[in-house]
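We did not get these values from a lab; they are worked out from the coordinates using the rules stated. All values derive from a computational prediction rather than experimental measurement. All Cβ positions, even for glycine, are placed from backbone atoms using ideal geometry, and neighbour counts span all protein chains on display.
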């Protein structure tokens, strides 16, 4: 690792030189051989081992992730997962990682440099393989660091009803063509080409046809996903490691981003471990899946490993939870998440696009959703380079997007936790999506997204002539709406192509091609008011309630 990179990541000097053995062969139980690179401290040990299992190659990018650990007294085994970058077998996303992880640990036990102390680390898919391994936790495991990673592929694809079209298609296109991108420069160019390659595919109907030309037989799993929209289908059992959350007992550091595609699962992981009193640290920043602060994440990972793998604790953190609060850009340290001081404060959706604390008279606001011109997604939790918090003014100018806004705030309002929306609406469609987004509107009128959620509603819940009631829990957030700003709620019929469009018909969403315009009528006031509830900092809850208008 270069001195410039160490300085940029604020890592301090290396503790030891490093040697690298490339192309190490690791045999699996079925005879398949996986390739790995072994980074080792070039001074006598014993040293603990960090296992990183990766489907994206062992080139410069991931070598840069492994090198800092080896420079600071850790063996690192950076292994290419089955069917990728020289490893044998067929790549079946998520499906083989539990068994291959166990076989890799069994191989480690036979190495004379393995001293019996094991840790796992890595982000995204490199995080999922850690959960898969701990479906049966190896006795040598001392600690884990899981960054922006899922534990359940099925939830990632269909967790709230609509298929997460952009993220799943973009990732499949990446995996189908990553053999073309072995150098760092070609990886960057490949990302640019991927955006162009998938653009015409996103609008295709039926949805089941979208994967036909991303790589042909190079990405057969994509069509498999689309063929299994029911999350209770046994297909997903081999592709989820949820049970690991009830089995892990070693200290776990979780690093997440408010705008990461897997953020909801990061919070599920945290709450499951905390409930079981497993030592768990949580760091969350304003990051997307692609913009995590690598220097910060590496420093926190090293501190965690030094405490719980090389040493015997205590935790290197002054508080278990570190969160960067949006709106003011400040890090806060907390004993737990969400902070116990947060209290619910409600705002009512009212006519004229108003969001206020008083119960309005009965009324309704209507909009039309047309699948032929689907409401676009702006920013948010995608893997696009335009993800994250963005200016929503262009989106909000569309006729198919409703906004409900408070008056300018007299005092700051700080929220910490999961906002929720109870929405009452009439709908004339056979199928309806509800996309709700919380925004912070500046004094200049710029509207930036804070958090959002989608839900799909189908018959019989959408019975003709009745009011449908749905409750959405938006992903957790830490944010301050400063004085003079407004709190805004967006309501629309979708966010395309982040989520596959709702066809508005009784047709199978995977194979249907016919569409129908859907009319929504959002209800205000009694007997079925629509209500936004925000978890407001306890010291401000009463002030917020008094100032809702």
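Here are some notes:
- Entry note, the chain: relative contact order of 14 percent, from Cα contacts under 8 Å with a spacing of 6+ residues.
- As a proxy for reagent exposure, ranking 471, 124 by other Cβ atoms within 10 Å from fewest up yields 471, 124.
- Estimated inter-spin distance, residue 397 and residue 238, nm [label 7 Å along Cα→Cβ]: 5.1 nm
- Annotation: for a label point projected 7 angstrom from Cα along Cα→Cβ of residue 333, no residues of the range 1-15 have a backbone N closer than 17 Å.
- Over the range 320-391, relative contact order from alpha-carbon pairs under 8 Å, at least 6 apart, %: 14 percent
- Rounded to the nearest 10 degrees, the angle from helix 263-275 to the longest Cα principal axis of the chain is 70 degrees.
- Among the listed values (1) 37.0; (2) 24.6; (3) 28.7, the one computed from these coordinates for mean projected area of the Cα convex hull in nm² is (2).
- Counting 0.36 nm for each residue step from residue 463 to residue 113 and taking away their Cα separation leaves a gain of 119.4 nm.
- Among 454, 76, 18, sorting on how many other beta-carbon atoms sit within 10 Å of each Cβ, with the fewest leading, yields 18, 454, 76.
- Span from the the range 375-446 Cα centroid across to the the range 14-28 one, whole angstrom: 48 Å
- Within the range 343-546, the ratio Rg/Rh, alpha carbon atoms throughout and Rh by Kirkwood, equals 0.96.
- Cα centroid separation, the range 70-85 to the range 31-54 (Å): 5 Å
- Considering only the range 343-546, percent of DSSP beta bridges that pair antiparallel, nearest 5: 95 percent
- Segment residue 442..residue 483, full-extension length gain: 13.8 nm, with 0.36 nm per residue of separation and the alpha-carbon distance subtracted.
- Ranked 415, 455, criterion: other C-beta atoms within 10 Å, fewest first: 455, 415
- Rounded, prolate or oblate (a/c below 1.5 giving rounded, otherwise prolate when a/b exceeds b/c) for the range 231-282 by Cα gyration tensor: oblate
- All-pairs Cα distance distribution in the range 320-413, expressed in whole percent, bin size 5 Å: 2, 9, 12, 15, 18, 18, 14, 8, 4, 0
- Compared with the dominant Cα axis of the chain, that is its longest principal axis, helix 60-71 is turned about 60°.
- Chain lengthening between residue 356 and residue 319 when straightened (0.36 nm per residue, less Cα-Cα): 9.7 nm
- The label-point distance for residue 21 and residue 274, in a model that sets each label 7 Å from Cα toward Cβ, rounds to 4.3 nm.
- Computed [θ] at 222 nm, deg cm²/dmol, the chain (DSSP H ≥ 4; -39,500 (n - 2.57); rounded to nearest 500): -6500 deg cm²/dmol
- Between the range 284-333 and the range 107-152, the alpha-carbon center distance in angstrom: 19 Å
- Principal-axis analysis of the Cα atoms of the chain puts helix 184-202 at an angle of about 30° to the longest axis.
- Counting only DSSP beta bridges with both residues in the chain, the antiparallel share comes to about 70 percent.
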